[in-house]
């Protein structure tokens, strides 16, 4: 299965080549001082970027709450919105939307907030507004997921931002996901939204920090 570490190799391999090859070239072939200085700067930048990319694509293991009535966060980051909202992609009607902003310093692997089957997934091209912009949810490039659960439909939307230019999907229609299972990621700063049935009890508020797969964001309603 694809992973964050495999995604990281797309960047780490060329950066590693630059970092190790540039000094060797400078040693083997005499270069003017200006070009040698530029080569040194390039080597330093490549090394710094190598370390940052290694950090960005980290994918720590998470402990999923044992209580199966708990709905977990789909992403790491800052809760920026909790509101009633008509789900726009699959026309699921009024839902509770919980939106999380991911900075470049957050883990960007997305995890399923619930156990369910991927009934449908939709990719939409769009703009790359800063995901803190109020219109980013409707105008930016995104991929949405419809998860059919024993309690009803849940939707998750991955939204690309000003820096994030690629949404990566690791699951597909028909996939069965467990609660907290990785299903994709967004590169370099983004926003993730979860759309829940109205009857759910919300456990977070704007300003809270959450961790994907481990932080409870809501609870399914009691079934009598």
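The values are calculated or read from the model by the stated rules, or taken from the named source; none is laboratory data. No experiment lies behind these values; they were computed from the predicted model shown. When we count neighbours, we look across all protein chains shown, and the Cβ atoms used for this are built from the backbone with ideal geometry, even at glycine.
Some notes on this structure:
- Hits in the stretch 65-87 (condition: surrounded by 18 or more Cβ atoms within 10 Å (Cβ to Cβ) and assigned to a loop (DSSP other than H, G, I, E, B)): 73, 74, 75, 76
- Of all positions in the stretch 122-134, none carries a residue that is within 17 Å of residue 212 (Cβ to Cβ) and either over 17 Å from the mean Cα position of the chain (by Cα) or at pLDDT 80 or above (or both).
- Count - residues of the stretch 150-170 that are surrounded by 20 or more Cβ atoms within 10 Å (Cβ to Cβ), at pLDDT 90 or above and not in a strand (DSSP E or B): 0
- Residue match in the stretch 56-64 (condition: in a helix (DSSP H, G or I) and modelled with pLDDT under 70): no
- Out of 103, 137, sole residue that is within 23 Å of residue 64 (Cα to Cα) and either modelled with pLDDT under 95 or crowded, with 22+ Cβ neighbours inside 10 Å (or both): 103
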